[in-house]
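The values are calculated or read from the model by the stated rules, or taken from the named source; none is laboratory data. Every value quoted in this text rests on a predicted model; they were computed, and no experiment measured them. Because the Cβ atoms are built from the backbone with ideal geometry, glycine has one as well, and the counts that use them run over all protein chains shown.
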Amino acid sequence: MERRKLGRLVRPAIILSLVFLGTACAAHAPQDYLKNLAGSEARKANNLFVPVFWIAAFVFFFVEGLIVFAAVKFRDRAGREEPKQIHGNSALELTWTAIPALILAVVAVPTVLTIFSVAAKPGPNQVKIHVVGHQWWWEYQYLGTTPEVITANELVLPVNKPAYFTLDSVDVIHSFWVPKLAGKQDVVPGRTNTLEFTPFETGEYYGQCTEYCSLSHANMRLRVIVKTQADYDAWLREQQAPAAQPTTTEAQQGQQMFMSNICITCHTIAGTQAQGQLGPNLTHFASRGTFAGSMFDNMPGNVDRWIHETSLLKPGVIMPRFGCGQTNEPPYASMKCISDSDILAVVAYLESLK
Amino acid sequence: MATATVTRQPLFSRPRSSHKGVWSWITTVDHKRIGVLYGFTAFAFFLIGGFEALLIRAQLARPNGHVLNANQYDQVFTMHGLTMIFLVVMPLSAAFFNYLIPLMIGARDVAFPRLNAFSYWVFLFGGLFLYSSFLLGGAPNGGWFGYAPLSVQKVTGSVPFAHNMDYYAIGLIILGIASTVSAVNLVVTIINMRAPGMSFFRMPVFIWMALVVQLLLVFALPIVTIALFLLLFDRILGTSFYIASNGGDPVLWQHLFWLFGHPEVYILVLPAMGIVSEILPTFSRKPLFGYPVVVLSGIAIGFMGFGVWAHHMFATGLGPVANSAFAVSTMFIAVPTGVKIFNWLATMWGGRLRFDPPMLFAIGFVTMFVIGGLSGVTHALVPHDYQQTDTYYVVAHFHYVLFGGAIFGLFGGIYYWWPKIYGRKLSGKLGKWHFWLMLIGFNVTFGPFHILGLQGMPRRIYTYAPGMGWDFWNMVSTVGSFMIAGSILVFIYNAWHSRKYGEIAGNDPWDARTIEWMTSSPPPEHNFDQIPVVHALDDFWHKKYVEDKGGKLVPVPAGGENGHSEQAPEHEAGEHGGGHGIHLPSPSYMPILAAVGLPLIGYGLIYGFYISIVGGLILLGGLYGWAFEPGTE
């Protein structure tokens with residue numbers, strides 16, 4: 001009777017958990033690092049993980065199975081005699097010391113080999129990029145390009161060509177991670193870490209900071225856009241061009257607002273008097289698909305809202321809120337706001353910076 | 001007790017022994033009462049830390065959650081970690097150590113009873129100091145791991161965090177003092193105060209694990225204390241130990257922190273392993289399988305625990321050679337752990353298993369710990385750890401070790417020794433409800449973390465965008481967390497209910513094996529009317545049962561069960577039963593007085609040195625009184 005009741009519960013439970021698992025596997029997870037891997041180092045890591053996962057799964061079912069079996073088989077029932085008193089068995093204990101040790105020794109070999117295989121090595125024919133972590137955005141300097149291409153949050157790479165990164169931070173520790181392409185590498189101030197991987201497929205890949213860096217750690221996201229070599233070369237040429245001059249009157253008015261406000265103390269727009277270093281380089285702002293640590297799609301409405309509400313959208317950022325009706329904390333408490341129409345003009349200017 | 005008339009009041013007098021009222025608790029030096037204080041305080045913090053966990057889960061239940069803002073979330077997750085580690089699992093283990101070590105080794109108290117009280121009060125005030133930060137401008141928000149240079153930053157972005165991490169550094173230093181003092185005390189107790197006949201290899205496994213944990217504390221805590229002092233110097237005095245731009249190194253903090261932090265993991269889980277090693281034999285009615293191997297593997301874990309710290313830093317950039325070395329050492333620490341699992345399994349094998357709540361929680365510990373151990377081995381696959389680290393996969397791992405492991409084991413211990421402490425059992429029926437609800441809730445909460453981690457959800461994020469594929473499992477996890485909360489309510493009701501309606505336990509409700517079950521429940525203040533003489537491992541069991549030639553269990557005929565068949569020589573004990581004439585240390589005001597000084601010194605470091613001077617004088621006064629108060633009342 002009891003058992004039948006249990007059986008009636010077990011079947012729906014199994015079906016339900018299968019449905020759950022199905023949902024999980026079906027979900028589109030752009031930072032999943034088990035499937036659809038597109039980078040050399042991510043694939044190497046996965047090749048190491050998968051066999052060990054199955055070994056672990058086997059050990060799991062074996063050990064848990066024994067425990068459940070023992071719990072059911074040896075439970076106290078009416079008429080069960082007092083058990084035989086067994087104090088130990090050296091041969092058995094030696095066996096279950098040696099076998100796990102042996103399994104681990106076997107696993108250790110490919111682990112060490114892969115550690116050395118994924119270690120970054122500088123070489124010829126690499127795209128070399130210096131990554132700088134800021135609270136809370138990413139800066140990329142394309143080394144060896146003249147004029148040097150500097151961009152933010154969205155990293156553009158050519159397909160099938162090794163990319164070699166040096167990483168540094170201007171404030172606290174961050175960690176640079178694009179799961180589909182490679183494992184993460186901490187970005188430690190005062191210590192230049194390195195990372196190397198080759199993207200094998202074109203496309204857009206998600207990543208984000210994975211070392212806790214306070215308030216907007218969750219908003220320090222990034223994208224990697226892998227292009228064909230031809231597209232990449234074209235992109236690089238566009239980035240090396242000086243900033244576009246605004247053509248519409250609204251954009252020209254926006255440029256004036258930008259240059260006469262405190263914007264220029266933090267942002268650089270190449271070829272203008274805006275040469276600030278604290279915030280992202282905006283020279284080709286409109287060529288990026290996202291902004292503000294890849295939090296938002298780069299659309300005029302979003303940029304407008306960003307300039308109005310800034311730290312309400314991304315806690316902690318040092319950029320003040322320019323919208324009228326917004327209150328700022330010190331040191332911006334006495335700052336004059338910018339009218340809605342002027343902000344719209346600034347947005348028009350920024351969106352003209354292709 | 002003696003009430004000699006005093007002609008001249010000495011400078012310091014000691015409070016009278018009494019068993020009632022707040023003052024009797026404040027001045028107590030009885031290890032059992034201190035154990036109870038530790039237990040209740042830790043449980044109170046458990047409820048607070050659990051509430052913080054529910055806030056975290058509520059915030060993350062959906063993308064772009066609005067339960068907490070970023071600033072609040074950072075404080076809550078930091079305090080959740082600090083609370084559960086330093087204010088729950090460590091002191092809950094300390095509660096067991098304090099209450100049980102003297103009883104299990106046949107002593108009347110710990111070696112230094114006043115020092116024991118001092119440890120408790122320092123722990124309590126350290127915890128209160130840490131939590132006072134919520135009212136005084138903001139709690140620590142740099143994570144329990146407090147990575148520099150973030151932990152040195154006083155302005156983050158545009159937001160000032162003047163003192164949050166001062167509370168972290170000072171609070172942990174104070175809590176470290178409590179643990180260090182207690183560790184020294186308990187090491188001395190275990191080594192010197194065992195009953196006649198209790199050689200090291202007749203000690204219960206729980207006592208062995210207690211000894212290993214105390215030694216780990218003695219060696220690990222100074223390291224983090226130094227790290228915290230350097231952090232405090234950087235914050236208060238403007239030094240640059242961790243500031244790269246001035247020649248310091250942020251990675252120094254990581255080495256120091258994890259050189260403490262990894263042994264800390266074993267400090268948290270070994271007590272539960274000791275508890276489980278007592279429960280499984282009792283409820284299987286078989287001796288622990290391979291006692292020497294279980295003990296030695298515990299010692300091995302203790303040693304190896306100091307050689308794996310950099311596996312917390314695989315992505316820091318230590319280079320392939322260091323990473324390989326620590327990968328291998330990390331893999332091999334799984335061996336002694338695995339040995340323990342198999343020995344526990346073999347203990348159950350062929351036994352006569354009774355599924356009272358202590359046994360359920362012990363088996364829950366073993367099954368959940370296996371999962372945590374296996375995911376731990378996958379962390380040692382360094383190139384894949386570059387992917388896993390700082391994702392929810394790691395959060396899943398350590399919750400299976402510290403909740404599925406430590407907390408399940410500790411609850412098993414609570415159900416097991418509750419009747420010894422209060423003389424009444426907790427309800428078995430409610431205990432089963434508690435167990436199953438907690439086991440299911442636990443797996444519903446933390447099982448999905450494996451999937452979320454493998455889907456790339458990072459730790460310590462207060463929010464996430466929709467479309468990352470994380471919505472469903474986060475919601476499931478949040479539902480599970482409230483199931484755990486429900487199970488805790490069942491436990492609280494059970495404890496409350498048992499005060500009046502719990503089954504009267506008697507000395508030995510579980511037909512147990514170790515000598516604490518020989519004395520009454522609750523034990524008298526002097527623990528044993530006569531100190532037992534120990535002839536074997538599981539001495540009490542062997543007083544009750546003998547084995548025939550085939551290893552079959554035969555009850556000792558008359559008089560065996562009451563445990564009074566053999567006693568220490570007369571000069572060891574009082575004239576007769578009842579404990580009259582047994583000298584016990586008197587209560588004292590001094591431990592709490594000295595302990596009050598420490599948080600005041602801490603506040604002074606934040607708000608002005610004059611408070612430190614007051615605190616220092618109180619501490620000195622307390623120690624002075626301690627040294628000069630009369631030996632007895």
Which ones in the stretch B:438-460 are farther than 25 Å from residue A:28 by Cβ and within 23 Å of the chain's Cα centre (by Cα)?
B:438, B:439, B:441, B:442, B:443
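Being basic (Lys, Arg) and over 29 Å from residue A:313 (Cα atoms) is the requirement here; does residue B:459 meet it? Break it down stepwise before answering.
Details: basic (Lys, Arg): yes; over 29 Å from residue A:313 (Cα atoms): no.
So residue B:459 does not fit the description; no.
From the list A:107, A:127, pick out the single residue that is among the β-branched types (Val, Ile, Thr), surrounded by 13 or more Cβ atoms within 10 Å (Cβ to Cβ) and over 30 Å from residue A:288 (Cβ atoms). Spell out how you get there, then give the answer.
On the way: A:127 fails: over 30 Å from residue A:288 (Cβ atoms).
From the options A:107, A:127, the qualifying one is A:107.
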Among the residues of the stretch B:294-321, write down those that are buried (at least 22 other Cβ atoms within 10 Å of the Cβ) and facing chain A (nearest Cβ under 7 Å).
B:315, B:316
Selection from the stretch A:67-76 of residues that are closer than 16 Å to residue B:364 by Cβ and within 7 Å of chain B (Cβ to nearest Cβ)
A:67, A:70, A:71, A:75
Within the set of pairs 6 or more residues apart or between chains, which connect a residue that is at positive phi inside the stretch B:491-506 to a residue that is of a type in the set (Ser, Thr, Tyr) with Cβ atoms less than 9 Å apart?
B:506/B:520; B:506/B:521
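When only residues in the stretch B:539-554 that are part of a loop (DSSP other than H, G, I, E, B) and facing chain A (nearest Cβ under 9 Å) count, which is nearest to residue A:81 (Cα to Cα)?
B:552
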For residue B:289, are the conditions met, namely being farther than 30 Å from residue A:177 by Cα, outside any helix (DSSP H, G or I) and at the interface with chain A (Cβ under 7 Å from one of its Cβ atoms)?
yes
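Regarding residue B:375, is this residue among the polar types (S, T, N, Q), more than 7 Å from chain A (Cβ to nearest Cβ) and under 30 Å from residue A:84 (Cα atoms)? Spell out how you get there, then give the answer.
On the way: among the polar types (S, T, N, Q): yes; more than 7 Å from chain A (Cβ to nearest Cβ): yes; under 30 Å from residue A:84 (Cα atoms): no.
So residue B:375 fails the test.
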Just to be sure I understand the filter: pairs with C-beta atoms under 9 Å, separated by 6 or more residues or on different chains, first member in the stretch A:298-316 and farther than 22 Å from residue B:68 by Cβ, second member assigned to a loop (DSSP other than H, G, I, E, B) and polar (S, T, N, Q). Which pairs pass?
A:308/A:326
When residues of the stretch B:424-465 are filtered for being more than 14 Å from chain A (Cβ to nearest Cβ), of a type in the set (Gly, Ala, Ser) and surrounded by fewer than 19 Cβ atoms within 10 Å (Cβ to Cβ), how many remain?
0
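Please tell me if residue B:197 is on the phi > 0 side of the Ramachandran plot, surrounded by fewer than 24 Cβ atoms within 10 Å (Cβ to Cβ) and away from chain A (no Cβ under 14 Å). Outline the logic, then answer.
Values: on the phi > 0 side of the Ramachandran plot: yes; surrounded by fewer than 24 Cβ atoms within 10 Å (Cβ to Cβ): yes; away from chain A (no Cβ under 14 Å): yes.
Spelling it out, residue B:197 is indeed on the phi > 0 side of the Ramachandran plot, surrounded by fewer than 24 Cβ atoms within 10 Å (Cβ to Cβ) and away from chain A (no Cβ under 14 Å).
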Quick one: count up the residues across the stretch A:275-294 that are surrounded by fewer than 21 Cβ atoms within 10 Å (Cβ to Cβ) and among the hydrophobic types (A, V, I, L, M, F, W, C).
2
The correct count of residues that are closer than 21 Å to residue A:335 by Cα and in a loop (DSSP other than H, G, I, E, B) in the stretch A:236-272 is 3
What are the residue pairs meeting all of these: first residue in the stretch B:381-400, first residue farther than 16 Å from residue B:446 by Cα and more than 7 Å from chain A (Cβ to nearest Cβ), second residue crowded, with 24+ Cβ neighbours inside 10 Å and at pLDDT below 95, Cβ atoms under 9 Å, and 6 or more apart or on different chains?
none
The stretch A:136-149, subset closer than 19 Å to residue A:207 by Cβ and touching a strand residue (DSSP E or B) at 6+ places or on another chain (Cβ under 7 Å), residue surrounded by the most Cβ atoms within 10 Å (Cβ to Cβ)
A:138
Name the single residue, out of those in the stretch A:144-187 being within 12 Å of chain B (Cβ to nearest Cβ) and among the acidic types (Asp, Glu), that is nearest to residue A:47 (Cα to Cα).
A:186
Give the number of residues within the stretch A:40-52 that are more than 7 Å from chain B (Cβ to nearest Cβ) and either assigned to a loop (DSSP other than H, G, I, E, B) or touching a Ser or Thr at 6+ places or on another chain (Cβ under 7 Å) (or both).
1
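Limited to the stretch B:322-333, what total is found for residues that are assigned to a helix (DSSP H, G or I) and buried (at least 22 other Cβ atoms within 10 Å of the Cβ)? Outline the logic, then answer.
Filtering the stretch B:322-333 down to residues assigned to a helix (DSSP H, G or I) leaves B:322-332.
Next, only the ones that are buried (at least 22 other Cβ atoms within 10 Å of the Cβ) stay: B:323, B:327, B:330-331.
The qualifying residues number 4.
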Test: residue A:332 is touching a residue at least 40 places away in the same chain (Cβ under 8 Å) and among the aromatic types (Phe, Trp, Tyr)
no
Number of the exception - residue B:116 against (1) more than 8 Å from chain A (Cβ to nearest Cβ); (2) in contact with a Leu (Cβ under 7 Å, 6 or more places away or on another chain):
(2)
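Which one is nearest to the other protein chains (Cβ to nearest Cβ), of the residues in the stretch A:197-224 that are within 13 Å of the chain's Cα centre (by Cα) and of a type in the set (A, V, I, L, M, F, W, C)?
Step one: list which residues in the stretch A:197-224 are within 13 Å of the chain's Cα centre (by Cα), which gives A:204-212, A:217-224.
Cutting the leftovers down to of a type in the set (A, V, I, L, M, F, W, C) gives us A:209, A:218, A:220, A:222, A:224.
Numbers: A:209: 8, A:218: 3, A:220: 9, A:222: 12, A:224: 13 Å.
Once the filter is applied, the top-ranked residue is A:218.
For (1) more than 7 Å from chain B (Cβ to nearest Cβ); (2) of a type in the set (Phe, Trp, Tyr); (3) under 29 Å from residue B:327 (Cα atoms), each residue gets a yes or a no:
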| position | (1), (2), (3) |
| --- | --- |
| A:59 | no, no, yes |
| A:65 | yes, no, yes |
| A:78 | yes, no, no |
| A:82 | no, no, no |
| A:99 | yes, no, yes |
| A:118 | no, no, yes |
| A:142 | yes, yes, no |
Checking residue A:227 against (1) closer than 30 Å to residue B:146 by Cα; (2) of a type outside the set (Gly, Ala, Ser); (3) touching a helix residue (DSSP H, G or I) at 6+ places or on another chain (Cβ under 8 Å), the condition it does not meet:
(1)
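Let's see how each residue does on (1) crowded, with 21+ Cβ neighbours inside 10 Å; (2) over 30 Å from residue B:63 (Cβ atoms):
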residue	(1), (2)
B:467	no, no
B:501	no, yes
B:509	no, yes
B:514	yes, yes
B:520	no, yes
B:533	no, yes
B:536	no, yes
B:547	no, yes
B:552	no, yes
Listed by first then second residue, the pairs whose first member lies in the stretch A:54-68 and is within 11 Å of residue B:374 (Cβ to Cβ), whose partner is among the small types (Gly, Ala, Ser), with beta carbons under 9 Å and at least 6 positions apart or on separate chains, are A:56/B:375; A:59/B:338; A:63/B:338
Somewhere in the stretch B:79-97, is a residue outside any helix (DSSP H, G or I) and surrounded by fewer than 24 Cβ atoms within 10 Å (Cβ to Cβ)?
no
Within the bounds of the stretch B:463-472, is there any residue that is charged (D, E, K, R) and under 20 Å from the mean Cα position of the chain (by Cα)?
no
